[in-house]
Each structure stands twice: as structure tokens, then as C-alpha cells.
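J.: Below is one structure. I have some questions about it.
The values are calculated or read from the model by the stated rules, or taken from the named source; none is laboratory data. Bear in mind that the values here come from a model prediction, so they are computed numbers and not experimental data. All Cβ positions, glycine included, derive from the backbone under ideal geometry; neighbour counts span all protein chains shown.
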Amino acid sequence: MYYKNISYTLSHIFVMLFMYLFIARRYSKPKTAAICIASFFAITIPNVLKLNIFPDSRLCYFLVTIYQIAITQFTGLFISRNRDSKALFVGLTASNYVIAGSIAASIIHICTGNLYLCIAGCIVTHIILMFILYCKIRDIWIHYQQEESMNNWWKLCLIPVFFYCGFSCFAFFPYTLDDHPESIPGIVMFIIVMFVSYVIVLQYVSSESQRTAIYWQNMLYESYIKGLENQYYLVEQSEKNLRILRHDMRHYSGLIDSLLEQGEYNEIKKITEHINMVTDGNKVTKYCNNMVVNTMLSCMIEKAYSLAIKIQHDIVISKEIPFDNYEFAMVIANLFDNAINCVKDSITQRKLIDVKIHCKNDHLLIHIKNAYEKEIVFDSGTGLPKSQNGKNHGFGIQSVQAFSDKIGGNLGCYCEDGMFHIMLYAKF
């Protein structure tokens, strides 16, 4: 009984340490540590009921265990930055790794019968597991908790749930390994299967994340190439028209001289207006000084004009910006594309997008507003619009959110007087 109390206490210490280290925190380190310590006492004190006061009651053991599981997983979700299925996956995984360490200690106890060696083995096993996991996968897990491209991990959470139930049935409930030591080979194989399964899961998550990243990168390059093609075509046409105009200028000059002699000033005015119109019509529009962003803006504004959408713009972007040109161009493309999709089917009077982008040395401001007719549904967690087109949509706004987090910005949106507003502001 003395050994069981110590073993359970050690398990609770390490499960809280696992959550503290492997969950992307919402609070400061001291506050997170205080929450984990409070949860440790909340799940450790009830051990007295199932181990000391009612050691033979299976009902007590079951109810106390359910309570401890609930508190443990609630703690993981509470301290998590996003409080989503990824945080739950980490919390359930913490319970599995800790229970694997406890089973290893139980096997040492069965084989040696030495209480002190067993406790020492329990501590060493937990420390080794924690050290290996901290060095090998902590950064990966923190990264995926912050990654926006994969949000739905509820199905993956079934993996640690079933492993935990399997461990419990094998080693603790309704019979322990002490009662049936012949189960040791099976439980060892079960632990090995768990480790292999987690490796496969992480590989799957990694490949899925890379696939999504490659997809959006290809979309960016495709848009950029289309923009360059449009720019090249416009420049080529302008040069051709201007060559024709230069060729005809001597004829215009002779005609103007003749009209001057005749005093036909109104006709001369018409000729100069025609020359100015041809010159202005062949001028390539430059929205900003950054070539990559200007190309993307040209592409998106051209797309809007092709759909009879009116664009009002106030764009100030310097040649050199304090972040990656392509990432920023993708953010603008995503926001523009969402606005275009929102208004393209509206009546003519409401086909309007107002764009303000100021990117200077000390701050970034993006404010895009557009009319809308269909109801916009906001996510209760992020406050951002939710895609209503199915599970394979909505990555654009997630990409914008990820960019905002990366540069330490604030992203928000609201609806007012029939207009949808989305704003991103960051101070450098």
C-alpha cells in the first residue's frame, strides 16, 4: 500500500509536468505552474479514498479514477492557448506516457520484490521517458498546437483514449499485474505498439502540414505568375501603342501646324486630347513600390474589374518591407479573394470593395471592407468568419491569422451598416 501511494503520487507529478512542458501555454510560466500544482493536489488527495479507506471497493476505485481523469484533462485544456482538440490530444497522451512509466515500475516490483529499487526504478523510468520526449518531440508538438492548417484532431484523440483503456484493463482494473504477472509480455508489447503508433501519427500530421503548406505556396506562385503575365502583356501592348503614337506624331505635328495657320484652335484641342487619352490609356498602373505585392495587387484588382466590382484603394507599401514579400502577398490575396467572393453575386450598386493598406517602417495596417448579403457566421473562439463551404475551405483566413500571430499583430473583424470590415494591425 505504501508503494502504491508513492507510485500514484509520482505519476501525478509527472503527468502535470508533461502538460506544463508540452502544451502551448495561455498564461505565464508562474501562473501555469500554480494551476498545475493545484491540479496535482486535486487529483492526489482522492487517492486516500481508493487506496487507503476503501482499498477493496472497485466502485470507489472506478469513480475516483474517472474524477482524476476529468480533472487532469480539464487542466490541459484550461492552460492551453487554443483550448482545442490538439490540446486534448496532448493531455490524453500525457496520461498514456505516464501510465507506461508506472507499468514499467510495477514490472520491476514484480521481478525484484524490492520496494526501494522499485521506487527508484519508477522515478528513473519517468525521468528517462520525459527526457527523451522533451528532446525529440516537444518542439514538434508545440509547433503543431500553434499551426492553423490542421484544427480538427478529434479523431486522433481516439488513439490515446483506447490506449489508456487498454493499459487500464491490462494492468490495473479489474485485476492488477501483481495478480496476473503472466500478462507482463503482453503489456510490454502493448507499450511498444503505443510508441510506434505515435511515431506514425506524428509522421502523418507532419506530412499533412507539409502538404497544406506546399498547396498554398503553389497557389501563391500561380497567382504571382499570372500577375507577371498580365503585367508583361500590359507593358507589351503599351509599348506597341506608344510606338505607333510616336510614329504618327510627325503627322499630328504637321496637322497641328496646318490648323494653327487656319486658326482652328478647337480642332487642335481635340487632337491634343486624343494624344493625352492614348498616352493615359497605355500607362501601366503601379499600386505600390514593392514589385511582388504590386504584381499580386494588379492580379486581384484585374480579377475584381472583370467581375464588374468597383475598387477604392489607398495603398502605401514601401519597396522594402519588414517581413517576407511572398507571405505578405499571400495575405493580401486571401483577403482580396474573400472580399471578391462575398460581393461578386451582389447587385451592381453593392459591388464595392474598399481597400486600405499602409505598410511603413513602424507599423502595418490593412483595412478591407465590402458589402455582404448572406449572413456571416463568426467563430466563437477566434471571432473570425467561418467558411460555410465545407471542411476543405476557410484556409485563407487561417493563413491570415497565422501571419498576424507571426508578426505580433491583431486581427479582427465586424459588421456595420451592411458592410463587413476586417482589420490587421501590427506595430513594429
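J.: Is it the case, given these coordinates, that ILE37 is exposed (fewer than 14 other Cβ atoms within 10 Å of the Cβ), more than 30 Å from ASP405 (Cβ to Cβ) and among the hydrophobic types (A, V, I, L, M, F, W, C)?
T.: In short, no.
J.: Mind counting the residues in the range 289-320 that are β-branched (Val, Ile, Thr), without any contact (Cβ under 8 Å) to a residue 40 or more places away in the chain and in contact with a Cys (Cβ under 7 Å, 6 or more places away or on another chain)?
T.: Total meeting the criteria: 0.
J.: Quick one: would you say LYS31 is surrounded by 13 or more Cβ atoms within 10 Å (Cβ to Cβ) and in a helix (DSSP H, G or I)?
T.: Considered against the rule, which asks whether it is surrounded by 13 or more Cβ atoms within 10 Å (Cβ to Cβ) and in a helix (DSSP H, G or I), LYS31 comes out as no.
J.: Take the residues in the range 40-73 that are closer than 17 Å to LEU17 by Cβ and surrounded by 12 or more Cβ atoms within 10 Å (Cβ to Cβ), then tell me which one is farthest from the chain's Cα centre (by Cα). Break it down stepwise before answering.
T.: The first filter runs over the range 40-73 and keeps only residues closer than 17 Å to LEU17 by Cβ, leaving 40-44, 68, 71-73.
Narrowing further to those that are surrounded by 12 or more Cβ atoms within 10 Å (Cβ to Cβ): 40, 42-44, 68, 71-73.
Working: PHE40: 31, ALA42: 33, ILE43: 33, THR44: 36, GLN68: 31, ILE71: 27, THR72: 26, GLN73: 23 Å.
Of everything passing the filter in the range 40-73, THR44 is farthest from the chain's Cα centre (by Cα).
J.: Taking the residues in the range 169-195 that are under 13 Å from SER106 (Cβ atoms) and assigned to a helix (DSSP H, G or I) as candidates, determine which candidate is modelled with the lowest pLDDT.
T.: Checking each candidate, the answer is ALA171.
J.: Checking THR44 against (1) closer than 30 Å to GLY113 by Cβ; (2) at pLDDT below 90: exactly one of these is not met. Which one?
T.: Only one criterion is unmet by THR44, namely (2).
J.: Something else now. Being at pLDDT 65 or above and exposed (fewer than 12 other Cβ atoms within 10 Å of the Cβ): is that true of SER306 here?
T.: In short, yes.
J.: Next question. Please verify whether the range 329-348 includes one or more residues that are at pLDDT 85 or above and on the phi > 0 side of the Ramachandran plot.
T.: No - not one qualifying residue is present in the range 329-348.
J.: Further question: So TYR287 ticks every box in (1) in contact with a helix residue (DSSP H, G or I) (Cβ under 8 Å, 6 or more places away or on another chain); (2) surrounded by fewer than 17 Cβ atoms within 10 Å (Cβ to Cβ); (3) at pLDDT 75 or above but one. Which box is left unticked?
T.: Checking TYR287 against (1) in contact with a helix residue (DSSP H, G or I) (Cβ under 8 Å, 6 or more places away or on another chain); (2) surrounded by fewer than 17 Cβ atoms within 10 Å (Cβ to Cβ); (3) at pLDDT 75 or above, the one that fails is (2).
J.: Looking for whichever is out of contact with any Lys or Arg (no Cβ under 6 Å at 6 or more places or on another chain), on the phi < 0 side of the Ramachandran plot and not in a helix (DSSP H, G or I) here; the options are LYS86, LYS155. Which one fits?
T.: LYS155
J.: Given the conditions (1) touching a Phe, Trp or Tyr at 6+ places or on another chain (Cβ under 9 Å); (2) under 25 Å from ILE123 (Cβ atoms); (3) part of a helix (DSSP H, G or I), which single one is not true for PRO55?
T.: Among (1) touching a Phe, Trp or Tyr at 6+ places or on another chain (Cβ under 9 Å); (2) under 25 Å from ILE123 (Cβ atoms); (3) part of a helix (DSSP H, G or I), PRO55 violates only (3).
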